[in-house]
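K.L.:
The structure's right below; bear with me while I get my questions together.
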Amino acid sequence: MLSIKREYFAHETAVIDEGSIIGKGTRIWHFSHIMPGCEIGEHCNLGQNVVISPGVKLGNHVKVQNNVSIYTGVICESEVFIGPSVVFTNVINPRSAISRKDQYAKTVVMKGATIGANATIVCGHTIGTFAFIGAGTVVTKDVTSYALVVGNPGRQIGWMSEFGHRLHFDNTGQAVCPESGAVYLLKDGFVQKISS
């Protein structure tokens, strides 16, 4: 009998269904459930009591903290951080007695984005690269890259660097990350990194 050595770690209480794809170096902790048809990248960390539903895709180096359920329709690109007890939805108008499995809305969390503890992400929206969603925020619309969004409903109150620091723009529209030294430009309501 051919033995295939798995290249990821799963705690003995985790349930890994056949048909899921899990990348090298990924760690799956206590009481988590990985369902068939999902794809988890390399070097991810899934905390305790995490559920990954069929069709979900996680990129490389994604961190999912405890008590998060990521439902069908959600795609997270690489280096996304999902805080404890974050809630994703996948149907706009759920009803117990009506099956709407054919109406799952797509939610995309782009590279490097952070979603703070207890945030709720209403389905059908995109969270841009390196956006920062504050703890407890309810996201009800698309979030642009590097945006800092807080509150219920979520509203943008500023901009964040790739290292997770608030950006303060001068009169030329430039800001410097205090940790990395990278320079960012704010122009026409969008931010881009112009130097590392």
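K.L.:
Tell me the label only: which of (1) 148; (2) 135; (3) 159 is volume of the Cα convex hull per residue in Å³ as calculated from this structure?
P.N.:
Label (2) holds the value from this structure.
K.L.:
Which of 182, 117, 97 moves the most in a Gaussian network model of the chain with Cα springs under 10 Å?
P.N.:
Residue with maximal mean-square fluctuation among 182, 117, 97: 97.
K.L.:
Let me ask another. Can you tell me which of 71, 104, 146 moves the most in a GNM of the chain? Springs connect C-alpha atoms under 10 Å apart.
P.N.:
Fluctuation is largest for 104.
K.L.:
So what's the net charge close to residue 181: Lys and Arg +1, Asp and Glu -1, counting the other residues with Cβ under 12 Å from its Cβ?
P.N.:
Working: positive: 193; negative: 162, 179.
Neighbour charge sum, excluding residue 181 itself: -1.
K.L.:
Once you've got the GNM for the chain with C-alpha springs shorter than 10 Å, pick whichever of 157, 121, 52 has the biggest mean-square fluctuation.
P.N.:
Maximum fluctuation in the GNM of the chain, among the listed residues, is at 157.
K.L.:
Quickly work out the residue 7-to-residue 194 label distance, labels modelled 7 Å from Cα along the C-beta direction, and quote it in nm with one decimal.
P.N.:
In this crude spin-label approximation the distance works out to 4.1 nm.
K.L.:
Provide 159, 29 in ascending order of the number of other Cβ atoms located within 10 Å of each residue's Cβ, fewest first. Mind showing how you got there, number by number?
P.N.:
Working: 159 23, 29 18.
Lowest to highest Cβ neighbour count: 29, 159.
K.L.:
Using a cut-off of 11 Å between beta-carbons, work out the net charge of the residues near residue 34 (Lys and Arg +1, Asp and Glu -1, residue 34 not included). Mind dumping the intermediate values first?
P.N.:
Details: positive: none; negative: 17, 18, 39.
For residues surrounding residue 34, the net value is -3.
K.L.:
Note the count of lysine pairs whose C-alpha atoms are less than 17 angstrom apart in the chain, limited to pairs 8 or more residues apart or on different chains.
P.N.:
Values: 5/24; 24/57; 24/63; 57/106; 57/111; 63/111; 106/141; 111/193.
Value for the chain: 8.
K.L.:
Can you tell me the length gained on complete extension of the stretch residue 185 to residue 171, counting 0.36 nm per residue apart and subtracting the Cα distance?
P.N.:
Working: separation 14, 0.36 × 14 = 5.04 nm, distance 1.08 nm.
This chain segment gains 4.0 nm when fully extended.
The numbers here are math on the coordinates, done by the rules we state, and not lab data. This structure is a prediction, so every number in the text was calculated from the model and none was measured. Here Cβ is always computed from backbone atoms with ideal geometry, including for glycine, and neighbour counts include all displayed protein chains.
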